[in-house]
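Worksheet for the structure shown next.
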Amino acid sequence: MTDSPAGRYPGYDVMDKRDTQSWDQVTRDVIDRRLAVPREPRFFTAAEWETLGALCARIMPQPDDRPPIPLPAYVDAKITERHQDGYRYATLPPQGEAWRRGLAALDAEAEEVHATRYHALDPDRQDALIARMQAGELTLPAWDGMPCKTFFEHRVLGDITHAYYAHPVSWNELGFGGPASPRGYVRMQLDRRDPWEAAEAHPGEEDRALRENRHVV
Amino acid sequence: MSSNPSSDPLAAPRATGGRAPDVFKVGGWVPMRQFDEDEPVDFVVVGTGAGGGPLIAGLAEGGFSVVGMDAGPWFRPLEEFASDETEQNKLYWTDERVVDGANPMVMGGKNSGKAVGGSTVHFAMVSLRFRPEWFKSRTTLGYGADWPLDWREMWDYYGRAERALSISGPISYPWGPKRPRYPYRSHELNGAAELLGRGAEAMGYRWTPTPLATVSAPHGHSHPCVYRGFCRFGCSTNAKQSQLVTFIPRALKAGAEIRDLAMVGRIEVGADGRATGVHYMRDGKWRFQRARNVVVSGYAIETPRLLLASATDRHPDGLANSSGLVGKNLMTQSNQAVFGTMDNEVRWNKGPPSLSITEHWNYDDAKDFHGGYCWMAQGPMPIEWVTIQTGSRGLWGQRLRDEMEKYNHSVGLKMVGEMLPDERNRVTLHDDTDQYGLRVARVTYGWSDNDKALIQHALGQMQTSLEAVGARDVFRQENDTNHLGGTARMGFDRQTSVVDADCRSWDIPNLWVCDGSVFPTVGGVNPHLTITAIAMRTADRIRAMAADGTLNHPRRAA
Amino acid sequence: MPDTDRTAVATSGIALLGLASIGAAHVATWAGRRWRPPVVQARLPAPLGRAAAIRAARRLNRAAGVLAASVLAATAGAHYRGSFQHRAMFTPLVTASLSLAVSAHGTADRRPSAHRGRDGVYVLAALTGVVGTGFHLYNVASRQGGLSWQNLFYAAPLGAPAALSLSGALGFLAERVRDTAAGEQPMVAGLPLGRVVAGVTSAGLMGTVAEAGLLHFRGAFNSPAMYVPIALPPVAAALLGNAALGASGRRRRWVRLSLRLTTIMGFVGAAFHVRGVARQMGGWRNWRQNVLNGPPIPAPPSFTGLAMAGLAALGLLEDHPDD
């Protein structure tokens, strides 16, 4: 049991349910493998890894009172293990190549404006470059014909946020029940929760939510 | 993973040695008849999903020798479907496809399955009938194309499909002609479904619990639904009545063979102009299965891809393509949504995502565009939800985190809307190749002005409904589409269609197409029940033709 | 185990204990039962013999108790499922417990006059059922769709609180029967008691059949056994109703047989529901979901309670003719 900080769902940890009827063996195995993702790059170079790390930290900033979800490692794993989306925009190269080109281009854009690589910029400047990428305004030759906006929408946002919300720690923040098999849910109506669902801390009832979330099993 | 090949359905074929996986038992097997590749079987069916599954079962039950091929693995849901969005990507067709056009289509989980049972393994179970007029939409409503099928006959086959799939539905359905009672009662509603009802009532529209292909009480070996909410990621309880747990077991019992991890790359056509069998890759080797008839049931991307890739000197534009229509008139359905935040705890992930529906605008023609739509309650899982937040609002950083944390208070309505056929929307072959060495599909799509008008109308209606129930911070998801149709449409003659009413190709009498590709129009409801009904009808028609001697020699007007 | 789960388990425990104590009281009296008085023929309702009146009263107490136990356990489960959203949802647990307790007391009691405390509880239980029906009606009406099939299936069950009223009514009638032990004629509100009990029981059986029919229809009659409780009890109810209106003092073999079968069916039904829970995903290991969403185990014994009351009424009709 890890006490998550006072948020909407104080004390709620979906991992507490790991050994209950809410998790079956196949799900336990899947989550175990996910939590054991290699933390070192297998696809990216050291320089790309720095840029990717900085980008992940701006796209999904994480609280500093818990170990961060290793987002770059999941992006790397998706490429290394060839987990494809099932479609590719005609203007984008395959995912590994798109990432490689995009990260290099982001560094080139940072060098161009601030004479330093992306990861060395302060967060505001990093955000400003992201905003220009999202608006489709980055056009240095390093993009090599790949529209920065398409890259941002379908690689940066997709791969990083999907990795974040695939991690059990993120489910705690949402009060999401997480795995549910064989046990699903009983109380379906508005404003009802099963005892194995996260209790939300309504104003003035934080202690009660904390108490209930310790028994979410 | 253990080294036993049968423990990893993706590593090696499971349906070998006279047995196939028993989907109802952990580690279980059932006997399966097997056929010799060199002896022609009566039918080889490419694809085992919404269309292929019922057809294989129907043909085998009619006494034909049938081999079904599926490029995907044969899962045992009880032990292999994790409660996890990312892991369950294994159910989708994630092989490379190239998308372009003015509105490039999102593929993968939105519309393509790669498993025995096809997309029905991960579909949202919504099982609706077409409005009768849609079978003659050109004649009666003035748009699209007429179907060569009569709605009254379809009404009968819808009933058969609903019984075969043990659909759980309301006692009386508010729209359309009378239909028999659904075999199972509708499910209890969740909070999101209640809010749809409240909004619809505020607007003066009727609404109803959605007819769903998941049982509300025990059925055979299926457990009733436990409302875990991971329906779109594979049902681990077998409550979902996918083809994998309905028609496929029937097919095996009737003596069909189904080959998993069998990717068909080419249909062979002999000197007499008739199909002679299919080339397929299984276990790392290209093989050839001889057959007296070939049925393509790969859905609206893979079906035209296979027909186009099977081009010969005699058929330079692909098989069954004298009309030039193979791959054309690709349709998807508008799947836009409106979301908002409630003061209530909605906890919308509980239960099937689309528990209630209003088909009001499928049956009300007082609008200034063609086509209809329905909308349903929503219950996305976290990754689906973040995709909506980033895709529709472009959020990232702290703002994204803050919005995501409203998850349990979020509510949404999502449409399924009719898009009109347009020859410019099409499937062609791209020069890139996939892991089998086959050219990948290029999918080109753009929305027409009518499509856009329908979408805007629906978004406005759904927003009104959400606001009527007190949702705050309402926003629109404008870019989503779902389901497929077209690309091998059925019709009345060989000039304007690819297959006839019986799904037989005009050009090659022993080549058939049986899946959503044959839809001339897609209507404003999810297509699965219509595909199933057509496949059941096709099986009956083939049995009847075999009986009266017209199976091999169709009687046709020149 | 969370506190709320403990509440549910505890209430089920109380219900089981109550049933057991009724059983024990019954066994004790059976062991020491006395000679049965001969049947007295008369034109007016014959005054009951002292022993006969007490025996009939205790049989009715016992029937009321079985019904109360069924209601208590079923309501505990259903209202726990409903998160005890309103405080009033505890009320039937209290009154059903009390009804169960006084029924056990009455089953063991051989004194020849009504007990004021028991009378009070029975009236309270009957009223709780009436008020509960009102609450359930309000719940159904306030759901989206109002009085629709969907809400009849899944909102508060309209017929359920009536079972508590029936328990109270049968208990109340038990006390009236007991009052006749002093030699009064067995009448209530100007009607012969045997006929009144038979009539109430017959109507109660039909109501319970309607409830079971609705819920088994919701379950799509997925097992042929689900037709039994809508096939057998109506026969018993009809025969008993016929007896209530017909000539008294006759042996009615078929009525007795159908009521006995209904008594047994109630317990067998509970066993089927135990199997039904096992049939849900995760079976009994997933009991925290399946006991609530599967078939309600304590519900079928309602038929047993009613059939037992029917048998007691039949005894009154047969042994104490009024015509």
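The values are calculated or read from the model by the stated rules, or taken from the named source; none is laboratory data. What you see is a predicted model; the values in this text were computed from it and never measured. Cβ: placed from backbone, ideal geometry, glycine included. Neighbour counts: every protein chain shown. Surface areas here come from the heavy atoms of the whole protein model, side chains and all, with no ligands, DNA or RNA. Shrake-Rupley method; radii C 1.70, N 1.55, O 1.52, S 1.80 Å.
Points to keep in mind about this one:
- As an equivalent ellipsoid, region B:16-134 spans semi-axes of 27, 21, 16 angstrom, where each value is the square root of five times an eigenvalue of the C-alpha gyration tensor, largest first.
- Length available on full extension from C:R275 to C:V130: 0.36 nm per residue minus the Cα-Cα distance, which gives 49.0 nm.
- Less than 5 angstrom separates the built amide H of B:R287 from those of B:Y280, B:M281, B:R282, all sequence-distant by 5 or more or on a different chain.
- Distance histogram in 10 Å bins (all Cα pairs of region A:46-168, percent per bin): 13, 48, 33, 6, 0
- Taking trypsin sites (Lys or Arg not before Pro) as exposed when DSSP calls them loop and at most 10 other C-beta atoms lie within 10 angstrom, chain B has its longest site-free stretch at B:315-554.
- Counting only alpha carbon atoms, the long axis of helix B:382-393 and the longest principal axis of chain B meet at about 70°.
- The phi torsions of region A:46-61, fed into the Karplus equation with coefficients 6.51, -1.76 and 1.60 and a -60° offset, translate into couplings of 4, 5, 4, 4, 5, 5, 4, x, 5, 5, 4, 5, 8, 5, 10, x Hz, rounded to whole numbers, with Gly and Pro shown as x.
- Rounded FRET efficiency, nearest 0.05, which uses the C-beta distance separating C:R87 from C:R116 and R0 of 25 Å: 0.30
- All Cα-Cα distances of the protein assembly as shown, cut into 10 Å bins from zero to the largest, leave 2, 10, 17, 20, 18, 13, 9, 6, 3, 1, 0, 0 percent in each bin in turn.
- Size-normalised alpha-carbon gyration radius of region A:125-217, reference 2.2 N^0.38 Å: 1.67
- Long-range amide H partners of C:M187 with built H, under 5 Å: C:L193
- In this structure, B:E405 and A:D122 have a Cβ-Cβ separation that, at R0 = 35 Å, corresponds to a calculated FRET efficiency of about 0.85.
- Gain on full extension, evaluated as 0.36 nm per residue between A:A131 and A:H215 minus their Cα-Cα distance, stands at 26.0 nm.
- Theoretical ellipticity at 222 nm over chain B - DSSP helices of four or more residues, -39500 (n - 2.57) apiece, nearest 500: -7000 deg cm²/dmol
- Ranking of B:H483, A:H215 by solvent-accessible surface, largest first: A:H215, B:H483 (1.4 Å probe, protein heavy atoms only, all chains present).
- DSSP bridge pairs, the protein assembly as shown: antiparallel proportion in percent, nearest 5: 70 percent
- Between the Cα long axis of helix B:151-164 and the first principal axis of chain B there is an angle of about 90°, rounded to the nearest 10.
- The 3J(HN,Hα) values that the Karplus relation (6.51, -1.76, 1.60; θ = phi - 60°) gives for region C:208-220 are, in residue order, 5, 4, 4, 4, 5, x, 4, 6, 6, 5, 4, x, 6 Hz. Gly and Pro appear as x.
- Rounded to the nearest angstrom and listed largest first, the equivalent-ellipsoid semi-axes of region A:1-117 from its Cα gyration tensor are 32, 20, 12.
- Relative contact order, whole percent, for region A:139-217 stands at 18, derived from Cα pairs under 8 Å and 6 or more residues apart.
- Taking amide H as placed 1.01 Å from N in the peptide plane, the amide H of B:T214 sits under 5 Å from that of B:S168, B:Q241, each at least 5 places away or on another chain.
- When the alpha carbon coordinates of chain B are projected onto the principal axes, the ranges are 68, 57, 47 Å, largest first.
- Under 15 Å from B:K367, Cα to Cα: aspartates and glutamates that are on another chain or at least 8 residues apart: B:E359, B:E418, B:D449, B:D451
- Between helix A:71-80 and chain A there is an angle of about 70 degrees, using the helix long axis and the longest principal axis of the Cα atoms.
- Simple spin-label estimate for B:D8 and B:T550 in nanometres, 7 Å along Cα-Cβ: 5.1 nm
- Approximate spin-label separation C:R250-B:L141, in nm, with each point projected 7 Å along Cα-to-Cβ: 6.6 nm
- Within 10 Å of each Cβ in C:281-292, the average number of Cβ atoms from other chains: 6
- For region B:505-513, the Karplus equation 6.51 cos²θ - 1.76 cosθ + 1.60, evaluated at θ = phi - 60°, returns couplings of 5, 5, 7, 10, x, 10, 10, 10, 10 Hz by residue, with Gly and Pro reported as x.
- Taking a straight line from the alpha carbon of B:K136, these aspartates and glutamates sit under 12 Å away, with near neighbours fewer than eight places off in the same chain left out: B:D146, B:D150.
- Inter-part distance where region C:257-300 and region B:372-413 are each reduced to a Cα centre, Å: 41 Å
- Peptide A:191-203 shows a mean partner chain C-beta count of 4 within 10 Å per residue C-beta.
- Helical runs (DSSP H, four residues minimum) scored at -39500 (n - 2.57) apiece and divided by the length of chain A put the mean residue ellipticity at 222 nm at -13000 deg cm²/dmol.
- Mean separation of Cα pairs under 8 Å and 6 or more residues apart, divided by the residue count, gives chain B a relative contact order of 21 percent.
- The distance separating the Cα centre of region A:121-157 from that of region B:322-371 comes to 33 Å.
- Gyration tensor over alpha-carbon atoms, region C:221-268, equivalent ellipsoid semi-axes in Å: 25, 11, 6
- Modelled label positions at B:K452 and B:S172, each set 7 Å beyond Cα in the direction of Cβ, lie 4.3 nm from each other.
- Peptides C:177-185, A:80-88 ordered by packing proxy, namely the average of other Cβ atoms within 10 Å per residue, highest first: C:177-185, A:80-88.
- For the pair region B:103-169 / region A:190-217, the C-alpha centres are spaced 42 Å from each other.
- Theoretical gain in end-to-end length, B:T496 to B:H221 [0.36 nm per residue, Cα-Cα removed]: 94.5 nm
- Entries in B:K110/B:K350; B:K25/B:K285; B:K178/B:K350 that, when Cα-Cα distance is taken, lie over 28 Å: B:K25/B:K285; B:K178/B:K350
- With contacts taken as Cα pairs under 8 Å and at least 6 residues apart, chain A reaches a relative contact order of 33 percent.
- Calculated FRET efficiency for the pair C:A141/C:A238, C-beta based, R₀ 45 Å, to 0.05: 0.90
- Taking every residue in A:58-70 and counting other chain Cβ atoms within 10 Å of its Cβ, the average works out to 2.
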